[in-house]
Each structure stands twice: as structure tokens, then as C-alpha cells.
Amino acid sequence: SSFNLRRALIDGSNSTVIISDKNITGLTLDYANQHIYYISEDVIYRVNYDGTMKYRILVTWRQKLQDVSSISVFENYLYVTTVGENRQLFKVHRYDYSVIPTEIIRDLMWPHEIHIYHRQRQPGLRGIKNPCEKSNCSKLCVIDWSGDQPAAKCLCPAGYKMDLSSQYQCITNK
């Protein structure tokens, strides 16, 4: 059986498979370069957001990185955790694979996830105004990127349905 990573609009429409792999243990997004880094069987891969240009990052230092669990990206480095005997956090240069990974810490308690919080990891709309700020959505507003410009799209939570006469008012689903 295979694990599928899908890409879809925020409302769930236009779903397509980006990555199909049997054993993905971790992934991270590189917002600036529009790449996805993911781990499968202790090997790190990079693909474009649309799934093209899959690139296997050579693991010449494989003896050092085993049981890789999670991954994050920041600036020129990938940060990966291992869940093996030593439960480590490593820093891996993402452009120069001849650089040996640097062990940052070992004997972590539960190194199953790693996240980096920094404003560079959370890009804004880059000068585009949020269309939901001025929407009339009664319950939930998401940004619809399917057109040339982002637009507000109203959605309803479970137990409600869209009032078809207004397209922004949620009514109880009876």
C-alpha cells in the first residue's frame, strides 16, 4: 500500500496526488523555494509543490543518520530528528551534501516532530489584501486561489449548510 500526499485548494476541491510513496515518515515545506522535503526509509527527497523534479538527496552519511523521523527547513539547513538508540537532532546542509551533518543534541525524550518558528517560515500574502477581511461570511471564510486574484469563499462547519440564496449565510442543516 502507498501513502499519498495530495494538494488541494483550502476548501478541498481540485485534489491531486503530489507524492505517492510507501513509507513517508516526515515532511516540511520550503515556502521561499516552493519545495517539499520529505523522508522515506531514511532518505531525504525534495520535490516541487506540484510533485515534479523529484530529487533524492544523497545520503553519503547514512551511517550517521538512521531512523530519521521528522524534518524542518530553515535558511540553508535541514533539521532532522532520529528516533533510534541515540534520539538525536541533526543539522544538514541542504545545498552542499559533502558537508557532514552536525549533531546538535542527543538523548532527546520524544524526537518525533521538529518545527521551526520564525517569520521567514510564515510568509504573508506579499502585498495582497486578505479578501476575508471584508467578507460577509457568517461562519467561515477561506481564501480561494483558483482564479487570477484571491477571493473570499464562505464555508459552513458540520451541522450547517450554505443558504443557496445568499452564498454567505450558513443555516442549520435539518
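The values are calculated or read from the model by the stated rules, or taken from the named source; none is laboratory data. All of these numbers come straight from a predicted model, not from anything done at the bench. No Cβ is skipped: glycine too gets one built from the backbone with ideal geometry, and neighbour counts run over all protein chains shown. The area values use the complete protein model at the heavy-atom level, side chains included, leaving out ligands, DNA and RNA. Shrake-Rupley method; radii C 1.70, N 1.55, O 1.52, S 1.80 Å.
Kindly indicate which of 50, 21, 107, 67 is open to solvent by 40 Å² or more (accessible area, probe 1.4 Å), acidic (Asp, Glu) and within 30 Å of residue 143 (Cα to Cα).
On the way: 21 fails: open to solvent by 40 Å² or more (accessible area, probe 1.4 Å); 107 fails: within 30 Å of residue 143 (Cα to Cα); 67 fails: within 30 Å of residue 143 (Cα to Cα).
Just a single option satisfies the conditions, and that option is 50.
Take the residues of region 70-84 that are of a type in the set (Gly, Ala, Ser) and within 21 Å of residue 31 (Cα to Cα): which is modelled with the highest pLDDT? Don't jump to the end; show me each part of the working.
Taking region 70-84 as the starting set, the residues that turn out to be of a type in the set (Gly, Ala, Ser) are 70, 72, 84.
Retained after the next criterion (residues that are within 21 Å of residue 31 (Cα to Cα)): 70, 72.
Numbers: 70: 87, 72: 91.
By that ranking, first place goes to 72.
Of all residues in region 111-136 being in a loop (DSSP other than H, G, I, E, B) and polar (S, T, N, Q), which is modelled with the lowest pLDDT? So that I can check it myself, show each step before the final result.
First pass over region 111-136, keeping only residues in a loop (DSSP other than H, G, I, E, B): 111-118, 122-130, 135-136.
Applying the additional criterion that residues be polar (S, T, N, Q) yields 122, 130, 135-136.
On the way: 122: 66, 130: 84, 135: 91, 136: 92.
Looking at residues that are in a loop (DSSP other than H, G, I, E, B) and polar (S, T, N, Q), I get 122.
For region 1-53, which fully contained strands (runs of 3 or more DSSP E) count at least 2 residues that are over 14 Å from the mean Cα position of the chain (by Cα) and under 30 Å from residue 84 (Cβ atoms)? Output list reads 16-21, 43-48. Filtering region 105-123 for residues that are in contact with a strand residue (DSSP E or B) (Cβ under 9 Å, 6 or more places away or on another chain) and more than 28 Å from residue 30 (Cα to Cα) leaves an empty set.
Would you be able to say whether some residue in region 140-151 is assigned to a loop (DSSP other than H, G, I, E, B), touching a residue at least 60 places away in the same chain (Cβ under 8 Å) and open to solvent by 60 Å² or more (accessible area, probe 1.4 Å)? Explain how you work it out, then say what you get.
Taking region 140-151 and keeping what is assigned to a loop (DSSP other than H, G, I, E, B), we get 145-150.
Checking which are touching a residue at least 60 places away in the same chain (Cβ under 8 Å) leaves us with 145-146.
Imposing the further condition that a residue be open to solvent by 60 Å² or more (accessible area, probe 1.4 Å) reduces the set to 145-146.
The answer is yes; a qualifying residue exists.
What are the residues in region 24-47 that are open to solvent by 40 Å² or more (accessible area, probe 1.4 Å) and polar (S, T, N, Q), if any? Matches in region 24-47: 25, 33, 34.
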